[in-house]
Amino acid sequence: MAASTREEIRRITVLSGGHGGAKFIQGLLHGIAAGALPGVSREAEVTVVANTADDLWIHGLKVCPDLDTVMYTLGDGLDHERGWGRTEETWSVKEDLDAYEVPNTWFGLGDRDIATHLVRTQMLEAGYPLSQVTAALCRRWLTPKYGERVRLLPMTDDRVETHVAIADADSPSGKRVVHFQEYWVRLHAAVPAEQLIFVGLEDAAPGPGVLDAISGADLVIVPPSNPIVSIGTILGVPGLREVLRATAAPVVGLSPIIGGAHVRGMAEQMLASVGAEVSAAGVGLHHGARVAGGVLDGWLVDTVDEAALGRLREAGLRAAAAPLWMTSPAETAAMAASAIALVR
């Protein structure tokens, strides 16, 4: 397991979900370019390992929400007001699907966004794995801005989907299972999640380059992403948790819970579904310290959660408090700097 190092950090790997992770990575890259991160080279390379368990097939198209959110955010194409999809979007296709009374139009695909899904679907059906498809899409979104210094990798090329069991009085079992996207987008996570089912996760293999990105990193960061259905599914890919525990790089995370509530999304519901404590300390303890068999060396919480530091340190984590609201790239870079300083 890693100890602090004073060598220059040139290879950073980030395990990311969608909106929160993407915003953090944007701030991290801002900090690298500004020379504002302690011990980090201005030429540092960033590899993002993204969750793909939110993916779904809908209207015959393969949609990868977290991959696309990271890709659009870093490529300056994300609609930040919605937190997903393309800027300057139009909805003609969705309106016509509604007119045809096609099922599942609760998942809105914008006209511009559909182009990405068409390209992805055509390439997948031609036999290309998701990792190669993602690299091809990133040549439009990331390469012009970052060259080869930023890579986006799916956690796996295999099909993995998160499903949620909810109460259903009309079902013989008293439950029914819906895709995670239906739980989030159509139901707005407004009903309790009684069980999470990760279809295909146990049989998935790490995507090409994923294990090397972790084992060969100088630093691994777990940003403020959903700890159960984003970070949890990444770590659930067989072999990935083990390589994270074994890497020589320090591993630091930032809490997605501030003052007992999630900033965005449904971390509260997902933590409750697995019986985990909904707090900044609870998430850090859920991930656990590497010295005690977990995956983290350090855990950064917001200043309002400073009282949790004692519990975290007793559990073997280096812990500190800093402002964690990602209000701008500069503020987010300051968060990244605080997290890095914690494990250097």
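Can you list the strands (runs of 3 or more DSSP E) found entirely within segment 7-71 that contain at least 3 residues being at pLDDT 95 or above, within 14 Å of Cys138 (Cβ to Cβ) and open to solvent by less than 10 Å² (accessible area, probe 1.4 Å)?
Values: elements: 9-16, 40-50, 56-58, 61-63.
So the answer is 40-50.
Per-residue answers, yes or no, for (1) in contact (Cβ under 8 Å) with a residue 40 or more places away in the chain; (2) hydrophobic (A, V, I, L, M, F, W, C):
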residue	(1), (2)
Thr233	yes, no
Val243	no, yes
Ala248	yes, yes
Leu254	yes, yes
Ile258	yes, yes
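Residues that are polar (S, T, N, Q) and under 28 Å from Trp184 (Cα atoms): which helices (runs of 4 or more DSSP H) entirely in segment 266-336 hold 1 or more of them?
Because the criterion is at least 1 residues that are polar (S, T, N, Q) and under 28 Å from Trp184 (Cα atoms), the helices (runs of 4 or more DSSP H) in segment 266-336 that meet it are 267-273.
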Please enumerate the residues belonging to segment 291-344 that are over 25 Å from Arg245 (Cβ atoms) and small (Gly, Ala, Ser). Ala307, Ala321, Ala322, Ser328, Ala330, Ala333, Ala334, Ala337
In segment 251-260, how many residues are touching a Ser or Thr at 6+ places or on another chain (Cβ under 7 Å) and assigned to a loop (DSSP other than H, G, I, E, B)? 2
Which residue out of Pro208, Pro238, Pro224 is over 30 Å from Ser173 (Cα atoms), touching a strand residue (DSSP E or B) at 6+ places or on another chain (Cβ under 7 Å) and either open to solvent by 10 Å² or more (accessible area, probe 1.4 Å) or without any contact (Cβ under 8 Å) to a residue 12 or more places away in the chain (or both)? Pro224
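Quick one: would you say Val243 is of a type in the set (A, V, I, L, M, F, W, C), part of a helix (DSSP H, G or I), over 23 Å from Val283 (Cα atoms) and out of contact with any Asp or Glu (no Cβ under 6 Å at 6 or more places or on another chain)? Break it down into steps so the answer makes sense when it comes.
Values: of a type in the set (A, V, I, L, M, F, W, C): yes; part of a helix (DSSP H, G or I): yes; over 23 Å from Val283 (Cα atoms): no; out of contact with any Asp or Glu (no Cβ under 6 Å at 6 or more places or on another chain): yes.
In short, no.
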Residue list for segment 316-337, filter: open to solvent by 40 Å² or more (accessible area, probe 1.4 Å) and touching a strand residue (DSSP E or B) at 6+ places or on another chain (Cβ under 6 Å): Arg318
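Taking the residues in segment 289-307 that are without any contact (Cβ under 8 Å) to a residue 60 or more places away in the chain and more than 29 Å from His30 (Cα to Cα) as candidates, determine which candidate is most open to solvent (accessible area, probe 1.4 Å).
Of all residues in segment 289-307, those without any contact (Cβ under 8 Å) to a residue 60 or more places away in the chain come to 289, 292-294, 298-307.
Those still in the list that are more than 29 Å from His30 (Cα to Cα) too: 292-294, 307.
Working: Ala292: 78, Gly293: 41, Gly294: 7, Ala307: 102 Å².
Taking the candidates together, the pick is Ala307.
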Which condition breaks for Leu271 when tested against (1) crowded, with 18+ Cβ neighbours inside 10 Å; (2) modelled with pLDDT of 95 or more? (2)
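The values are calculated or read from the model by the stated rules, or taken from the named source; none is laboratory data. Since we're looking at a predicted model, the values are computed, not measured. Note that each Cβ is placed from the backbone with ideal geometry, even for glycine, and that neighbours are counted across all protein chains shown. Areas reflect the complete protein model, heavy atoms only, side chains present, ligands, DNA and RNA absent. Shrake-Rupley method; radii C 1.70, N 1.55, O 1.52, S 1.80 Å.
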